[in-house]
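Q: Let me give you the structure first, and then I'll get to my questions.
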Amino acid sequence: MPAFGDNPFLDFLEEEPKAAYFGFQDAFGRSPLQKQFFKNRFQQIHDEFMGKLGSQIMGGELPTLRFTDFLQNMPWQQRFLETPESMRGGPPRGQFAPKTRSLFFG
C-alpha cells in the first residue's frame, strides 16, 4: 500500500478520487478477477466513503476523513472474499461440468 507521509500532492488525490482509488491497484489482489472486481467497484466504494464523511459531519465532528486514508485502511482481500461468488464476475459454477440428465425408458 502507498505510504503517503508529507506528500505535497496528497490534496490532488482528494480532488481526483479516481486517481487515488486506482493508485491502490496493487492492493486489489493479484488475480485478474480481483483486479476487475475492484475496477468496477469505484463508485460503490466512493459512496461508502462519502457516507462515512457525512456521518462525521452529522455527528458534530470535523470532517477529517480523507479518501486516501479510507482506501489505505480498506480490507481489500476480505471485501473480495465476502462478496458472493456470483457477484465477483467469475464464471458461474458448473460451467465446465455438464448437468446430469435423467433418462426415462418407458
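Read-outs: derived from the displayed coordinates by stated rules, not from any lab. Predicted model only: the values in this text are computed from it and were never measured. Cβ atoms come from the backbone with ideal geometry, glycine included; neighbour counts cover every protein chain shown.
Q: Whole-Hz Karplus ³J(HN,Hα) for segment 37-43, in order, using 6.51 cos²θ - 1.76 cosθ + 1.60 and θ = phi - 60°, x for Gly and Pro?
A: For segment 37-43, the Karplus-derived couplings read 4, 6, 4, 8, 10, 3, 4 Hz, x marking Gly and Pro.
Q: When a footprinting reagent is the concern and you count Cβ atoms within 10 Å, what order do Asp6, Asp47, Asp69 take, fewest first? Display every interim value, and only then the final one.
A: Details: Asp6 5, Asp47 10, Asp69 14.
Listing Asp6, Asp47, Asp69 from fewest to most nearby Cβ atoms yields Asp6, Asp47, Asp69.
Q: While we're here: Report the gain in length on full extension from Asn7 to Leu62: 0.36 nm times residue separation, minus Cα-Cα distance, nm rounded to one decimal.
A: On the way: separation 55, 0.36 × 55 = 19.80 nm, distance 2.22 nm.
Roughly 17.6 nm would be gained on extension.
Q: Same structure, new question: Given points 7 Å out from each Cα along the Cα-Cβ axis, report the Leu81 to Glu14 separation in nanometres with one decimal.
A: About 3.4 nm separates the two model spin labels.
Q: Counting other Cβ atoms within 10 Å of each Cβ, which trypsin sites (Lys or Arg not before Pro) in segment 26-76 have at most 13 and sit in a DSSP loop? Can you show the working numbers first?
A: On the way: sites: Arg30, Lys35, Lys39, Arg41, Lys52, Arg66; in loops: Arg30, Arg41, Arg66.
Passing both the DSSP loop test and the Cβ count: Arg30.
Q: Could you give the length gained on full extension between Gln44 and Arg30, defined as 0.36 nm per residue of separation minus the Cα-Cα distance, in nm? Could the numbers behind the result be given before it?
A: On the way: separation 14, 0.36 × 14 = 5.04 nm, distance 2.09 nm.
Gain in length upon complete extension: 2.9 nm.
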